Amino acid sequence: MFPTPIETWKPQARTGYVISVVIVLILWLMPLIIITLASFMTADQLNSGGRGLNLPQPFSVDGWRTAITNDDFRASFVNSFIIVPPVVLISVGLATMAGFALSKYRFPGQLIIFAVFVGGNFVPFQILMVPVLRLTQDLGIYNTKWALILFHGAFQTGFCVFFMRNFIAQLPSELIEAARVEGANEWQIFRRIVLPLVRPAMAALSVLIFTFVWNDFFWSLVLTPASPDGMLAPAGLNNIIKGRFYNAWNVMAAGSLLVALPPVLMFFLLQKQFIAGLTLGANKG
Amino acid sequence: MGKSYRLAPWLFLAPAAIYFFVLVIYPIFGSFWVSFHDWNGTTFQCSDGRSIKELAEDETCRRVPLMTWVGFENYERFFEKSPRDAGRIRDYWAGVFSGEQVRWPRLSVETKVLLNNIKWLVLFPIAIPIGLAFALFLNQSPTWVRMTKSMFFFPFVLSPAVLGFVFQYFYDPSGPLRWFYDAFGWSAGITGDQGKATYGIIVAGWYPQIAYCMIIYLAGLTAIEPEQIEAARLDGAKRWKLLKRIILPQLWPATFIALVVTMIGALRSFDLVQVMTGGGPGRGSSDVMARYMYQKTLFDQDYGYGATIAVILFLIMLIFIAVFIRQMIRQSVED
Amino acid sequence: MATVSLKNIHKSFGAVKVIKDASIDIADREFVALVGPSGCGKSTLLRMIAGLENITDGAIEIAGRVVNDVLPSDRQVAMVFQSYALYPHMTVRQNMSFGLEVTGHPKSEIAPKVDRAAKILRLEDLLERKPKQLSGGQRQRVAIGRAIVREPEVFLFDEPLSNLDAELRVQMRVELALLHQQLNATMVYVTHDQIEAMTLADKIVVLRDGVIEQIGPPMELYNRPANEFVAGFIGSPRMNMFGVETARVAGWVGADTPNAVRIGVRPEHLVRSNTGLQGQVYYVEHLGGQTLTHLKLADGTDYTFVEPGEHGGNQGETMTLAPATGCLHAFDADGRAIRS
């Protein structure tokens, strides 16, 4: 292991390490610490020089209360909870099937099709903006949740196909051949052999997609700009609270923490899956 | 193999492929098309060619945009001031070197936007070696270290909107850094200062990017065969040599991914810029192509020009995407 | 009748020809081994019989029916893979039931068949376990059980014993032989280990680079190899090969074999003699029940002498050896055996 394992260090070096990790960690978390403090301060304290590493005096939940009781902000939160899960289901589900096709079969053009999925995942959103906007307007779903569900489902499919195809490629092909010799048809092979074995990967991917879509800002601005019916939480934070409560830093701080909470919670609860998802591919080659 | 074997992959692939191609790939061409036109987003005509005015009282028709063909005009417009601005910048540096008192010249918004994108491309990847340093720092097995790793990772899951706000609070002239500002005379803070805003945003972007690179490198480090490291140690290789000649080469796949993703991320950054400065202060001092395009399209009602900017951005990014795909295909063939 | 017939089979992967005009006839209930070094095409042939690879040219018949375009599942074959290919997320019972389930057999029919196969292979206590809880030998038996349940015409084995350790391999070899007797079924068995082929097969097919070098019962390949390759491949340690001049000088052959270029004799067919080939012992291996003496000639030719018992040569000594009667093999310039 590199660097040398800590167990082999002299005691002083070990204590030095522990201290340095703690210090670095606190510095690293400083932004978060300061925001949390701010969320519990009163507007007065914030405006009279209380910003920074000070304790809330008095301790106040005004910021939190204002943020939570704001109807539009709450609505954007609810929207997020309604919009994100279907997107995860659609993109992961469709991608698992596509990943199976692209990795366990041979057919002409498979590599190019795969490359298009991967490349499409990296394109800047702006190149899609105008046509997608027009499309949602034509379909009459502009400014509604459907626009976001429809579009995000499609866009995230790119990354999901990349991910699932690479994972399924690692399943031993002999399992599939054995099933074929035993008489299973292609759908049975997918449902009874492949699907049970890729469940961990689907879990990892779902956590990642949840985070990506929850944190989306751009498409929410473009497709559901003024609409409490469709806006996602981050856009809600920016437009509503920043717009109406500009300079009420405690409200902003509380709102930010609220928006950050679900992905952070998911991350801490499902760390292993999350990291497994991100690092697939970091070790290839 | 039977017919069902030949048909099956297409059936499995079709839903995802159709969905993706229609909503993601096809629109790319749509934007190319729009970039050759001029449109303000509000003029329409009927899909059968009649103008809206010709409709009877209670008649409706399917509306399509009424765009005017302008060819490459939008592209010319984007680069119109580039030669002039390049000249001004050259004169500026010439002046600096000859010791004169020079002021940074006035540039067009387009040039400022391009320069900012370049700043992002050059400075954003600094997160990579920092991420590596963190990974090396934290690559130990005791449980408490592993728990600390999670706490280092989490900036990655923050929404850019949240991130933007956090750093704005930080950068605010009467915020936590005001003692710092007073010492240096930076009265406008960071995001309030035309010359410094972009750098402030880039620093904010480093926060999650360092966490991401750290994750990638930690995974890469665990993939190195321990026996290789032990053999090298027995041979007498000490820390720096070991790092340089054994570890870093083996981390190349991780570095490659980190590089490509970071450079693509540098060009894509919309959210942070929009949240923290909206492109300002002033006209375009911290703006980037991704955000400028958004403003031009939806707020200045210049759809054609906005699409043009998007196309240029896309073409630049295509270089990096192509590099990534080429590497990926090479690896698939090897496996 | 579960016969298998390969008629003039050719197989190419793109421009690379991997099987060149192979024809094999397998009788009902025969145990046929396909042997050869890595890359000779034996696994490819097996997979073509199973239907997992297309046939570039030629015909394969199973039970008298041409099956070139028939799906694997319709060919009435069952395959045991080298890595066993057990479904990791299913129990042993589910693994063995899978094939019958997906082809629509009613549950009432499946359970007794699984139980019967489990009994034959002594898997009754393991039925509810998952593969990762089984040892290598147990997994292998489950893989065989999965095949038995389907009551196929032909069993196909792809190097089934390669992943077992040496001791287990010997044990499983005997079990496979007994299984063949018990099931009385046609079996096609691919291996790179010629000992497995010799002990299990009724008939051996030796392959090299996609070409069939010889087909015949084990003892025929042992006693009358058709060419140098088969002579060297069958039998362990390898047959010793000498230039014909060396053999003539040693008095082993006369002038009556004018086309001979090389002479071969198996290590176990040499005897100590007063006259014959003189060589120097450079290493002796004591295996307990037999002794391997390694000798070198003046011109550098390496050869081996195997004797039962504990006494071999002594390192450095000179030893004179002669072939036992009728145990010499002569090969011409093309490597083909010359038989009188």
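Brief remarks follow.
- Candidates in the stretch A:5-41 are the residues that are assigned to a loop (DSSP other than H, G, I, E, B) and loosely packed, with under 14 Cβ neighbours inside 10 Å; of these, the one that is farthest from the other protein chains (Cβ to nearest Cβ) is A:Lys10.
- Of the residues contained in the stretch B:298-306, none is found to be surrounded by 20 or more Cβ atoms within 10 Å (Cβ to Cβ), within 10 Å of chain A (Cβ to nearest Cβ) and aliphatic (A, V, I, L, M).
- Against the test of being touching a residue at least 60 places away in the same chain (Cβ under 8 Å), facing chain A (nearest Cβ under 7 Å), assigned to a helix (DSSP H, G or I) and not basic (Lys, Arg), the options B:Phe165, B:Phe170 yield a single qualifying residue, B:Phe165.
So that you can scan it fast, the table gives a plain yes or no per residue for (1) crowded, with 19+ Cβ neighbours inside 10 Å; (2) outside any helix (DSSP H, G or I); (3) within 12 Å of another protein chain (Cβ to nearest Cβ):
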position	(1), (2), (3)
B:Lys112	yes, no, no
B:Leu115	no, no, no
B:Arg146	no, no, yes
B:Phe152	yes, no, yes
B:Tyr199	no, no, no
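- The single condition among (1) in a strand (DSSP E or B); (2) not assigned by TED's automatic domain parsing to the domain that holds C:Thr304 that C:Pro225 does not meet is (1).
- Being within 11 Å of chain A (Cβ to nearest Cβ), surrounded by fewer than 14 Cβ atoms within 10 Å (Cβ to Cβ) and part of a loop (DSSP other than H, G, I, E, B) is a condition met by at least one residue of the stretch B:29-51.
- Hey, C:Pro112 touching a residue at least 24 places away in the same chain (Cβ under 8 Å) and either among the aromatic types (Phe, Trp, Tyr) or surrounded by fewer than 16 Cβ atoms within 10 Å (Cβ to Cβ) (or both) or not: no
- Selection within the stretch A:160-206 - in contact with a Leu (Cβ under 8 Å, 6 or more places away or on another chain) and among the aromatic types (Phe, Trp, Tyr): A:Phe163, A:Phe167
So that you can scan it fast, the table gives a plain yes or no per residue for (1) in a helix (DSSP H, G or I); (2) more than 13 Å from the chain's Cα centre (by Cα); (3) surrounded by 19 or more Cβ atoms within 10 Å (Cβ to Cβ); (4) aromatic (Phe, Trp, Tyr):
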residue: C:Ala197; (1), (2), (3), (4): yes, no, yes, no
residue: C:Val205; (1), (2), (3), (4): no, no, yes, no
residue: C:Ala231; (1), (2), (3), (4): yes, yes, yes, no
residue: C:Gly235; (1), (2), (3), (4): no, no, yes, no
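- Test: residue in the stretch A:138-147 that is within 24 Å of the chain's Cα centre (by Cα) and buried (at least 20 other Cβ atoms within 10 Å of the Cβ): yes
- Within the stretch A:48-74, tally of residues that are without any contact (Cβ under 8 Å) to a residue 40 or more places away in the chain, within 10 Å of chain B (Cβ to nearest Cβ) and touching a Ser or Thr at 6+ places or on another chain (Cβ under 8 Å): 1
- For the condition in the same structural domain as C:Ile62 (by TED's automatic domain parsing), surrounded by 14 or more Cβ atoms within 10 Å (Cβ to Cβ) and aliphatic (A, V, I, L, M), C:Val174 does not qualify.
- Long-range neighbours under 8 Å by Cβ, at least six apart or interchain, first residue on the phi > 0 side of the Ramachandran plot and touching a residue at least 40 places away in the same chain (Cβ under 8 Å) within the stretch C:204-224, second surrounded by 15 or more Cβ atoms within 10 Å (Cβ to Cβ) and aliphatic (A, V, I, L, M): C:Gly210/C:Val18; C:Gly210/C:Ile19; C:Gly210/C:Ala22
- Lone qualifier among A:Phe117, A:Phe167, A:Phe151, A:Phe77 - being under 28 Å from B:Ile319 (Cα atoms), in contact (Cβ under 8 Å) with a residue 12 or more places away in the chain, more than 8 Å from chain B (Cβ to nearest Cβ) and not acidic (Asp, Glu): A:Phe167
- Of the helices (runs of 4 or more DSSP H) contained entirely in the stretch C:42-136, not one carries at least 2 residues that are of a type in the set (Ser, Thr, Tyr) and over 26 Å from C:Asp165 (Cβ atoms).
- Some residue of the stretch B:48-70 being small (Gly, Ala, Ser), in contact with a helix residue (DSSP H, G or I) (Cβ under 9 Å, 6 or more places away or on another chain) and at negative phi: no
- Qualifying residue in the stretch C:228-241 (condition: more than 30 Å from C:Ala22 (Cα to Cα) and modelled with pLDDT under 90): no
- Criterion violated by C:Asp21 - all others in (1) farther than 20 Å from C:Lys203 by Cα; (2) among the charged types (D, E, K, R); (3) exposed (fewer than 15 other Cβ atoms within 10 Å of the Cβ) satisfied: (1)
- Pairing residues of the stretch B:187-206 that are modelled with pLDDT of 85 or more with residues that are among the hydroxyl-bearing types (Ser, Thr, Tyr) and part of a helix (DSSP H, G or I), at Cβ distances under 8 Å and at least 6 apart in sequence or on separate chains, gives B:Gly200/B:Tyr171.
- Test: C:Gly313 is under 30 Å from C:His192 (Cα atoms) and out of contact with any Leu (no Cβ under 7 Å at 6 or more places or on another chain): no
- If you go through the stretch B:272-297 and pick out every residue that is buried (at least 20 other Cβ atoms within 10 Å of the Cβ) and among the small types (Gly, Ala, Ser), you end up with 5.
- Only listed residue being at pLDDT below 90 and within 28 Å of the chain's Cα centre (by Cα), chosen from A:Asp62, A:Asp72, A:Asp44: A:Asp72
- Within the stretch C:119-133, residues that are closer than 20 Å to C:Glu175 by Cα reach partners that are of a type in the set (Gly, Ala, Ser) and crowded, with 19+ Cβ neighbours inside 10 Å with beta carbons closer than 7 Å, at six or more positions or on different chains, in the pairs C:Leu121/C:Gly145; C:Leu123/C:Gly145; C:Glu124/C:Ala118; C:Leu127/C:Ala118.
- Those helices (runs of 4 or more DSSP H) of the stretch A:120-214 in which at least 2 residues are under 30 Å from C:Leu46 (Cβ atoms) and in contact with a helix residue (DSSP H, G or I) (Cβ under 9 Å, 6 or more places away or on another chain), considering only elements entirely within it, cover A:145-169, A:173-181, A:195-214.
- Among the residues listed as C:Lys11, C:Lys17, the single one being in a strand (DSSP E or B) and touching a helix residue (DSSP H, G or I) at 6+ places or on another chain (Cβ under 9 Å): C:Lys11
- Top-ranked residue in the stretch C:115-137 [being loosely packed, with under 12 Cβ neighbours inside 10 Å and in contact with a helix residue (DSSP H, G or I) (Cβ under 8 Å, 6 or more places away or on another chain); ranked as nearest to C:Tyr87 (Cα to Cα)]: C:Glu128
- Lone unmet requirement of (1) at pLDDT below 90; (2) crowded, with 18+ Cβ neighbours inside 10 Å; (3) under 30 Å from A:Leu205 (Cβ atoms) for A:Ala67: (3)
The values are calculated or read from the model by the stated rules, or taken from the named source; none is laboratory data. Keep in mind it's a predicted model, so treat the numbers as computed, not measured. Don't worry about glycine lacking a Cβ; one is built from the backbone with ideal geometry, like all the others, and counts go over all protein chains shown.
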